[in-house]
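Take a look at the structure set out below.
A short reminder: the numbers here are calculations on the coordinates, not readings from a lab. Because the structure is a prediction, the values reported are computed rather than measured. In this analysis, Cβ positions are derived from the backbone assuming ideal geometry, glycine residues included, and neighbour counts consider all displayed protein chains.
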Amino acid sequence: MSEDIMKAVIDQIKSHDSIIISRHKRPDGDAVGSTKGLAGIIRLSFPQKDVRVVNEDWSDYLAFLGKEDKMPETLSGALVIVLDTGNVERISNSRYAEGSMLIKIDHHINNSPYGDLQWVEDQRSSVCEMIADLACSNPDVLKMDEQSATALYTGMVTDTGRFKFDSTGPRTMALASFLLEKGVDTETLFSRLYMEDFSFLKFQAAVFSKMKITENGVAYLIVTPSMQARHDISFESACNCVSFLDSIKGSLIYLAFIYSPSGDIRVRLRSRFLAINTLAEKYGGGGHEKAAGATVKTRAQAMALIADADRMLGEFKRSHEDLL
Ligand code: AMP
């Protein structure tokens with residue numbers, strides 16, 4: 001089944017001379033890694049094609065993966081491939097519909113289908129895994145170099161929490177091995193991804209002192225604008241605080257609320273064993289079963305979301321005593 005869709009994607013790549021590759025706004029390692037990786041594979045395999053990674057925002061911490069490209073004058077006749085983006089509102093390219101063909105490649109639950117062709121597999125660890133599979137399964141057509149392998153490996157590592165989340169399956173590891181064989185320098189990559197500024201660790205200590213836990217074990221953090229200012233931490237960096245909560249015993253749901261410069265509150269929801277994407281959806285967001293996000297406007301909405309999460313976790317624990 002996925003072989004057929006992969007073949008259809010490759011046929012479209014073959015039949016277009018101009019290819020635009022885009023991703024979601026506020027990109028993470030999977031979004032940047034998959035777009036850069038796919039672009040690199042197509043350029044190496046079909047040097048005559050005009051391939052551009054085109055988006056309207058950026059994440060500084062991923063700058064080591066290289067610059068993106070300029071939007072061409074016209075997208076007429078182009079194939080537009082959008083990666084890692086569940087719905088059209090999140091696409092970081094407002095001209096995504098101007099090409100002659102639109103392909104969606106994604107690993108989020110497909111609540112908002114779009115495009116002329118879709119390759120969506122919500123059980124995949126990452127879109128980078130899917131693009132690695134595309135190349136690995138079609139070695140006669142697609143070539144990959146170390147640079148593209150590094151971009152794809154970056155997304156696999158970051159979207160699986162370093163191969164720790166349960167989305168990591170046998171195929172994930174086989175494809176990680178395929179990428180490593182291309183020469184990925186993991187020591188350099190891990191230093192770029194995981195070494196922290198001293199000020200960030202001070203921020204972490206301050207945040208730890210503020211974390212809270214509900215009656216049923218939902219751990220949460222509220223990161224105010226003043227905490228971000230006091231430690232001179234960017235909003236983007238502050239958002240990483242969700243990972244601080246990832247291994248508290250009994251805390252099968254954990255939540256981070258981060259005030260954005262506009263005054264909205266970004267919510268990052270994470271869980272083990274039970275799904276929290278429906279909770280994110282209730283508050284206008286979405287995402288994966290165990291990693292989802294939303295944006296709320298007020299502290300009262302944040303508190304209501306926490307109360308809902310607490311109820312869900314209470315119910316789950318009552319019916320799964322053996323797990324805990
Ligand atoms: P995050 O906490 O931002 O890393 O989000 C976790 C997952 O949820 C990501 O895969 C996002 O694509 C998805 N997500 C985050 N925020 C939203 C939103 N407002 N609407 C829909 N999906 C979201």
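Of note:
- The chain: angle of helix 198-208 to the longest principal axis, Cα-based, in degrees nearest 10: 50
- Evaluated with a Cβ-only charge set (Lys, Arg +1; Asp, Glu -1), the chain carries a dipole of roughly 900 debye about its Cα centre, given to the nearest 20.
- About the Cα centre, charge dipole magnitude for the range 249-301 (Lys/Arg +1, Asp/Glu -1 at Cβ), debye: 200
- Student exercise, the range 24-89 dipole from Lys, Arg, Asp, Glu Cβ charges, in Debye to nearest 20: 280
- Comparing ALA78, ALA205, ALA280 in a Gaussian network model of the chain where C-alpha atoms under 10 Å apart are linked, the largest mean-square fluctuation is found at ALA205.
- One quarter of the convex hull surface built on the alpha carbon atoms of the range 2-193 amounts to 9.7 nm², the projected area averaged over directions.
- Tilt relative to the chain, helix 146-159 - C-alpha long axis, 0 to 90 degrees, to 10: 30
- Cβ crowding within 10 Å, taken as a proxy for footprinting-reagent exposure, orders ILE109, ILE233 from fewest neighbours to most as ILE109, ILE233.
- Largest GNM mean-square fluctuation across LYS25, LYS164, LYS104, computed for the chain with C-alpha springs under 10 Å, falls on LYS164.
- In plain terms, the residue of ILE10, ILE21, ILE248 with the fewest other Cβ atoms within 10 Å comes first and the most crowded comes last, giving ILE248, ILE10, ILE21.
- Approximating the spin labels as points 7 Å out from Cα along Cα→Cβ, the ASP122-to-MET71 distance works out to 3.1 nm.
- Take the Cα of PHE64, go 7 Å toward its beta carbon, and the backbone nitrogen atoms of the range 152-172 under 20 Å from that spot belong to 152-164.
- Phi-based couplings in Hz for the range 254-263 (Karplus 6.51, -1.76, 1.60; Gly and Pro marked x): 9, 9, 10, 10, 10, 5, 8, x, 7, x
- Cross-link partners of LYS202 among aspartates and glutamates, defined as those whose alpha carbon lies under 18 angstrom from its own and excluding same-chain residues fewer than eight positions apart: ASP232, GLU236.
- Dipole-positive endmost among GLY284, SER260, VAL242 within the range 234-287 (Cβ charges, Cα centre): VAL242
- Separation of the alpha carbons by more than 32 angstrom is noted, of LYS282/LYS317; LYS104/LYS212; LYS70/LYS182, for LYS104/LYS212.
- Converting phi to 3J(HN,Hα) with the Karplus coefficients 6.51, -1.76 and 1.60 and the offset θ = phi - 60°, the range 87-98 yields 9, 5, 4, 8, 5, 8, 8, 5, 9, 4, 8, 7 Hz in sequence order, with x at every glycine or proline.
- Among 188-196, 263-271, the order from most to least packed when residues are scored by Cβ within 10 Å on average: 263-271, 188-196
- DSSP-loop GluC sites (Glu not before Pro) across the range 1-107, with at most 11 other Cβ within 10 angstrom: GLU73
- Note on ASP246, ASP30, ASP310: ascending count of other Cβ atoms within 10 Å places them as ASP246, ASP310, ASP30, the fewest first.
- For the chain, the antiparallel share of DSSP beta bridges with both residues in that region comes to about 45%.
- Under 14 Å from the ASP197 label point (7 Å along Cα→beta-carbon), backbone N, the range 49-87: 60-62
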